[in-house]
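Everything on this sheet refers to the single structure shown next.
The values are calculated or read from the model by the stated rules, or taken from the named source; none is laboratory data. Since we're looking at a predicted model, the values are computed, not measured. Counting neighbours? That spans all protein chains shown, and the Cβs are built from the backbone with ideal geometry, glycine included. Surface accessibility is based on the protein's heavy atoms, side chains included, excluding ligands, DNA and RNA. Shrake-Rupley method; radii C 1.70, N 1.55, O 1.52, S 1.80 Å.
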Amino acid sequence: MFRSRMISLVVGGVAGIALCLLAPAAASAAEGVDGFARDAAIGGMAEVELGRLAVEKATNPGVKKFGQRMIDDHSKANEDLRKAAREQGIGLPTQIDSRHKAQIDELSKLSGYAFDKAYMHDMVEDHEKDVAEFEKIVKEPGKTAVQDFAAKVLPTLEDHLKMARQVSQDLGQ
């Protein structure tokens, strides 16, 4: 009797641990499109704000041009994302998070070549991450309005990355 209770407790404990370990993965899969949409909304708003900063503070014409492209393309993408998210009943943030605010604050303290170089460095890194995230969500099973949005915007982000790398190279990075 004691032995069978002990075995039941051990088996039950192992099953409980397995459920605890699997629960975050299941929640993460369910959060996939919703989490992606929220992150993309925040990132898109940040790109517009950073683009405005570049248009205002950059000294290199290529950096200014890139900043304006970020304003134009990401403003349109943000609007498209809001429509797709609304179709799926996903609520999106309306403000930039603290991490992106800190990035904007740090860049706003710079000027001249130092600004140009730091901004373009950030844009290359940011767009590398964005392209990877958009590719990932497009490949997820199912077909949602947010995934359609991601598939539509991905070529533009790839173009942004190519441009960011070129401008960065022109700056000597």
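Taking label positions 7 Å along the Cα-Cβ direction at both Glu79 and Lys136, the computed distance is 2.9 nm, reported to one decimal.
Loop-located trypsin sites (Lys or Arg not before Pro) across segment 115-158 with a Cβ neighbour count of 10 or fewer within 10 Å are Lys143, with loop assigned by DSSP.
Ignoring aspartates and glutamates fewer than eight residues from Lys129 along the same chain, the ones with Cα atoms less than 12 angstrom from its Cα are Asp39, Glu158. Using a 1.4 Å probe over the heavy atoms of the protein chains, calculate the carbon and sulfur portion of the accessible area of segment 54-173 as a whole percent. Ligands and nucleic acids excluded, carbon and sulfur give 51 percent. Only the Cβ atoms of Lys and Arg (+1) and of Asp and Glu (-1) were treated as charged; on that basis the dipole of segment 76-173 about its Cα centre amounts to roughly 240 debye. Ordered from largest to smallest accessible area (heavy atoms of protein chains, 1.4 Å probe), the residues Tyr113, Tyr119 come out as Tyr113, Tyr119.
For the pair Asp122 and Asp72, a Förster radius of 30 Å applied to the C-beta separation gives a FRET efficiency near 0.95, rounded to the nearest 0.05.
Using a Förster distance of 30 angstrom, determine the FRET efficiency expected from the C-beta separation of Lys162 and Arg86, and round it to 0.05.
Step by step, r from the Cβ atoms, then E = 0.45.
Pairs exceeding 27 Å between alpha-carbon atoms, taken from Lys83/Lys109; Lys76/Lys101; Lys109/Lys152; Lys65/Lys101; Lys57/Lys101; Lys64/Lys139: Lys83/Lys109; Lys109/Lys152; Lys64/Lys139. The heavy atoms of His74 present about 10 square angstrom of accessible area, all protein chains included, probe 1.4 Å. Apply the a/c threshold of 1.5 to the C-alpha gyration tensor of segment 40-118 and tell me whether it is rounded, prolate or oblate. The shape class here is oblate.
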